[in-house]
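Undergrad: Below you'll find the structure I mean.
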């Protein structure tokens with residue numbers, strides 16, 4: 001693709017250690033550490049930065065992963081054979097993290113894209129999942145959100161705030177008689 005040719009990129013790359021989409025060990029998300037995962041994302045988004053116009057934006061959706069003990073073997077989720085979080089993320093030991101630590105992948109990625117690619121980190125947006133999938137954990141709440149980061153190539157970029165405005169909901173104008 002040509003340099004400075006794209007207005008907007010919206011993407012959700014594979015999350016670290018949560019799914020197996022192919023048999024390739026080179027697949028993003030299957031790296032041996034979250035640090036190598038971030039390095040691979042930086043390589044991809046360096047190219048995204050190159051093709052974005054100076055007024056371009058990148059909207060990045062990323063979920064997080066937990067650190068584990070490394071003792072669950074080759075577990076495969078019986079409901080979804082491609083989901084192997086038990087063997088990749090939840091069970092993988094990570095240098096500098098404790099068992100059960102939330103790794104912080106979304107923020108690691110956002111900071112790396114700002115520092116190493118040159119993006120402006122403009123906003124973190126919380127995608128609140130109203131109907132999140134249940135989890136088998138019993139010692140924390142279910143993860144019911146993900147981050148969407150708005151990153152820009154330049155200080156001045158295209159952003160149509162009017163297109164995303166919604167009318168304020170007050171007690172006088174609530175839809176469908178909601179109290």
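The values are calculated or read from the model by the stated rules, or taken from the named source; none is laboratory data. In this text, all values refer to a predicted model and were calculated from it rather than measured experimentally. Cβ: placed from backbone, ideal geometry, glycine included. Neighbour counts: every protein chain shown.
Undergrad: Name every residue in the stretch 108-137 that is without any contact (Cβ under 8 Å) to a residue 12 or more places away in the chain and within 29 Å of residue 50 (Cα to Cα), in order of residue number.
TA: Within the stretch 108-137, 111, 115 qualify.
Undergrad: Something else now. Among the residues that make up the stretch 56-64, is at least one of them in contact (Cβ under 8 Å) with a residue 12 or more places away in the chain, out of contact with any strand residue (DSSP E or B) (no Cβ under 8 Å at 6 or more places or on another chain) and either on the phi > 0 side of the Ramachandran plot or surrounded by fewer than 16 Cβ atoms within 10 Å (Cβ to Cβ) (or both)? Let's see the steps before the verdict.
TA: Going through the stretch 56-64, the residues in contact (Cβ under 8 Å) with a residue 12 or more places away in the chain turn out to be 56-64.
Those left that are additionally out of contact with any strand residue (DSSP E or B) (no Cβ under 8 Å at 6 or more places or on another chain): none.
Looking for residues that are in contact (Cβ under 8 Å) with a residue 12 or more places away in the chain, out of contact with any strand residue (DSSP E or B) (no Cβ under 8 Å at 6 or more places or on another chain) and either on the phi > 0 side of the Ramachandran plot or surrounded by fewer than 16 Cβ atoms within 10 Å (Cβ to Cβ) (or both), one finds none in the stretch 56-64, hence no.
Undergrad: Take the stretch 15-56 and flag every residue that is assigned to a loop (DSSP other than H, G, I, E, B), farther than 16 Å from residue 103 by Cβ and at pLDDT 90 or above. Break it down stepwise before answering.
TA: Of the residues in the stretch 15-56, the ones assigned to a loop (DSSP other than H, G, I, E, B) are 15-18, 20-33.
Cutting the leftovers down to farther than 16 Å from residue 103 by Cβ gives us 20-27.
Selection gives 27 alone.
Undergrad: Listed residues 12, 76; which is in contact with a strand residue (DSSP E or B) (Cβ under 9 Å, 6 or more places away or on another chain) and modelled with pLDDT of 95 or more?
TA: Values: 76 fails: modelled with pLDDT of 95 or more.
Exactly one of 12, 76 is in contact with a strand residue (DSSP E or B) (Cβ under 9 Å, 6 or more places away or on another chain) and modelled with pLDDT of 95 or more, namely 12.
Undergrad: Select from the stretch 93-117 the residues that are part of a loop (DSSP other than H, G, I, E, B) and either exposed (fewer than 13 other Cβ atoms within 10 Å of the Cβ) or at negative phi (or both) and list them in ascending order.
TA: Keep residues of the stretch 93-117 that are part of a loop (DSSP other than H, G, I, E, B), which gives 93-101, 103-104.
Across the stretch 93-117, the qualifying residues are 93, 94, 95, 96, 97, 98, 99, 101, 103.
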